[in-house]
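The values are calculated or read from the model by the stated rules, or taken from the named source; none is laboratory data. From a predicted model like this one, the values you see are computed outputs, not experimental measurements. No Cβ is skipped: glycine too gets one built from the backbone with ideal geometry, and neighbour counts run over all protein chains shown. Keep in mind that these areas ignore ligands, DNA and RNA; they rest on the heavy atoms of the full protein, side chains included. Shrake-Rupley method; radii C 1.70, N 1.55, O 1.52, S 1.80 Å.
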Amino acid sequence: MSNEKSAFADEKDKKIKQPASQVIKNNFFFMKMMFDASPKFVILPALDAIRGECSIFIEHVFLIGFVLEAAEFGYSFRRVAAMIILIASLITLGMIFTVFAGDYMTEKERPKVREKIKMRLYEKARSVDLSCYDDPDFYNSQVLSISEVDKRIDSTMDFIRSVLSGLTVVILTGGYFLIRDKFSILFVLASFLLSYFANQAYNKLSFKVRMLRYPPERKRDYVKRVFYLKDYAKEIRLDPEVTDVLEERFRKANDEVYEAEKSMAKKKFGLAFLKNYLFGDFISDVLYTSYLMVRTILQKALSLSAMVMLVHRFGDLKRNLRVFTETYPKACETSLYIQKIRDFLAYEPKIVSEGDTVPTSSAKALSLEGVGFSYKPDLPAVLSDINLQVKPGEKIALVGYNGAGKTTLVKLLMRLYDCSEGQILADGVNVRNYDVEAYRDSIGTVFQDFEIFAGTVKENVILNVGSKADDERVKNALSDSGLMKKVDSLPMKWDTPLTHEFSENGVDLSGGEQQKLAISRVFYQNASLMILDEPSSALDPIAEYQLNHAMLQATKDKTVIFISHRLSTTRLADRIFMLEEGKIVEEGSHESLLSKGGKYAEMWKAQAGAYIEV
């Protein structure tokens with residue numbers, strides 16, 4: 001990662017300012033995402049919002065006014081009845097449109113919109129650099145972006161409906177006020193502007209509180225997961241003292257959430273009082289009503305019926321304007337979240353194809369020349385001055401104590417990270433010059449922290465449900481890994497679902513069986529370079545022996561890199577590289593390293609000395 005401030009840096013340490021142009025652009029950006037996913041989801045509710053306010057105006061102003069006039073001037077019953085029937089028919093048609101557009105189509109299209117937007121975010125998450133996950137700011141923003149999608153869809157639709165409803169009311173009712181009493185508009189504008197500024201300040205405070213709450217909420221959610229997820233159930237029961245630590249962390253996280261809310265509570269209360277009462281109800285219910293009474297009773301400037309209509313419509317206009325005054329501040333709040341979504345989608349990976357070379361399917365030759373690496377510029381180097389060559393089809397092992405840099409070296413070979421120093425060549429070509437996806441596809445990998453997915457055994461082997469599986473290759477991969485016997489005993493063979501996440505009939509494999517399943521993925525992939533990180537750590541000695549020989553047979557024409565603490569596995573390697581503090585300190589075959597009596601021999605004696613005479 002560069003030492004520049006992340007684009008996803010938390011907002012809590014800087015004043016949140018958004019120009020109106022940015023608020024508009026962000027909201028329209030998200031509206032376009034929704035529109036691209038489903039035009040009907042956006043257009044039909046928008047039309048219904050306009051129709052609804054037109055219906056209310058016709059009913060509450062035109063119809064009531066017509067009835068009052070009919071009583072005053074003695075209109076015929078037929079004329080009054082015809083008008084009522086006409087307006088009732090229009091309102092009924094409008095209600096039918098609401099049921100179709102506002103209810104049915106919205107509920108029908110909402111899942112489609114959510115799915116398409118989330119899939120776009122998931123695709124982006126798949127393509128970002130692995131180094132981004134070392135940045136807590138980025139991780140917080142990625143999680144927030146994805147978790148907020150549903151809320152932002154709903155809030156954006158509320159924004160669209162509120163704006164169109166408000167504009168319709170302002171145009172229709174505002175025009176009516178100008179005709180009846182122009183001065184009444186000043187009361188409307190006063191309430192509107194004062195409420196607007198108070199709402200804007202209130203929502204900025206709400207966002208600041210949310211940003212302060214988010215890190216401790218993540219800590220609190222982690223503790224909650226530990227207590228209810230099956231993965232941790234055994235450890236909690238075997239080591240109950242850990243719950244004391246977790247409960248203390250939970251309490252501290254709760255305290256941090258409480259302090260975040262408390263730090264802004266007085267300001268939020270004061271602003272809420274201003275926006276809800278002083279700038280809202282007080283102006284309309286006290287000041288404006290007094291003004292109309294003076295105009296009607298003392299000045300005789302308004303008829304009683306006109307006063308009734310103005311009071312009645314001012315109440316509706318006040319409520320709509322209150323929503324309207326809250327719309328822009330809410331749009332500002334939504335914009336802050338949308339900005340995070342935009343930043344996330346706009347992120348450009350640093351590890352990109354610098355050429356279009358496609359790797360061959362034959363066993364790889366590797367050359368590392370002066371390779372050094374640090375996760376961040378201000379941190380010590382994890383690897384330094386690594387020089388090694390691997391011949392095509394050669395089997396090598398990387399050994400060393402925890403933290404020696406073995407797994408990091410493998411990540412560089414896979415180009416999940418780029419070297420800070422030196423270069424890596426594959427078949428004589430700098431790995432940067434390969435097409436990234438094609439290069440990674442040519443490498444089969446099993447990491448020690450592999451995952452089993454909630455799918456069938458077969459899907460967990462091929463890891464690509466979109467492609468047509470080669471059943472013979474699946475069978476061979478499971479046989480080579482030693483898992484075929486277990487699979488044959490399952491009720492649905494390799495179509496048996498794994499885990500109970502989505503199926504009551506799901507099967508939970510043991511740790512060793514899961515490891516065999518992960519290794520079968522590499523065998524199925526038939527890659528030209530295979531990287532096995534602790535491939536037999538969860539197996540018993542007999543299963544390990546059988547797997548080792550199966551791996552030798554299955555990878556006889558492949559380049560293989562083993563990473564293991566269990567040196568019984570490294571005996572399979574043609575050459576062994578001993579790493580310590582990010583450097584290669586010993587190199588050679590198993591026998592030659594034992595004869596040197598160095599660090600590798602010390603590790604071997606510590607593990608096998610009690611059983612084998614060296």
Go through 141, 270, 311 and say which Cα lies farthest out towards the positive end of the charge dipole of the chain; charges sit on Cβ, +1 for Lys and Arg, -1 for Asp and Glu. 311
Would you work out the charge dipole size for the stretch 150-250 about its Cα centre, treating the Cβ of every Lys and Arg as +1 and the Cβ of every Asp and Glu as -1, and quote it to the nearest 20 debye? 340
Filtered trypsin sites (Lys or Arg not before Pro), the stretch 136-229: DSSP coil and at most 15 other beta carbons within 10 Å: 182
Contact order relative to length of the chain, as percent, for alpha carbon pairs under 8 angstrom and 6 or more apart: 14
Work out from phi, with θ = phi - 60° and the Karplus expression 6.51 cos²θ - 1.76 cosθ + 1.60, the ³J(HN,Hα) of each residue of the stretch 379-388, listed in order in whole Hz, and give x for Gly and Pro. 10, x, 5, 7, 10, 8, 6, 8, 10, 7
Which order do the peptides 470-483, 416-429 take when ranked by the mean count of other beta-carbon atoms within 10 Å per residue, highest first? 470-483, 416-429
Can you list the chymotrypsin sites (Phe, Trp or Tyr not before Pro) in the stretch 153-217 that are in a DSSP coil and have 16 or fewer other beta carbons within 10 angstrom? 183
Cross-link reach list, aspartates and glutamates versus residue 208, counting only Cα pairs under 12 Å and skipping chain neighbours closer than eight places: 10, 11, 13, 261, 333
The alpha-carbon center of the stretch 233-249 and that of the stretch 76-113 are separated, in whole Å, by 59
Roughly speaking, what is the stretch gain from residue 594 to residue 247, that is 0.36 nm per residue apart minus the C-alpha to C-alpha distance, in nm to one decimal? 120.1 nm
Euclidean distance between Cα centres, the stretch 340-387 to the stretch 486-500, Å: 38
Modelled label-to-label distance, residue 67 and residue 557, 7 Å Cα→beta-carbon offset: nm? 9.0
Filter the DSSP H helices in the chain by two things, a Kyte-Doolittle mean of at least -0.5 and an axial alpha-carbon span of 24 angstrom or more, and list the hits by number. 20-37, 39-57, 77-97, 149-180, 184-228, 304-346
About the Cα centre, charge dipole magnitude for the chain (Lys/Arg +1, Asp/Glu -1 at Cβ), debye: 2680
Projecting the Cα atoms of 408, 511, 30 onto the charge dipole of the chain, where Lys and Arg contribute +1 and Asp and Glu -1 at Cβ, the residue farthest towards the positive end is 30
Straight-line reach check, residue 458, cutoff 16 Å on alpha carbons, 8 or more apart in-chain or any other chain, hits among aspartates and glutamates -> 470, 471, 472, 480, 488, 495, 508, 513
Taking Cα pairs closer than 8 Å and at least 6 residues apart, the relative contact order of the stretch 16-168 in percent is 41
Considering only protein heavy atoms and a 1.4 Å probe, what is the carbon-and-sulfur percentage of the accessible area of the chain? 58
Only four residue types carry charge here, +1 at the Cβ of Lys and Arg and -1 at the Cβ of Asp and Glu. Report the dipole size of the stretch 71-230 about the Cα centre in Debye, rounded to the nearest 20. 320
Using the Cβ atoms and a cut-off under 12 Å, what net charge is assigned to the surroundings of residue 596, where Lys and Arg are +1 and Asp and Glu are -1? -3
If packing is taken as the average number of other Cβ atoms within 10 Å across a peptide's residues, how do 334-345, 284-295 rank, most packed first? 334-345, 284-295
Could you pull out the pairs from 112/230; 406/516; 204/340; 234/493; 224/262 whose alpha carbons sit more than 20 Å apart here? 112/230; 406/516; 234/493; 224/262
For n ≥ 4 DSSP H runs only, could you compute -39500 (n - 2.57) per run for the chain, divide by its residues and tell me the 222 nm figure to the nearest 500? -19000 deg cm²/dmol
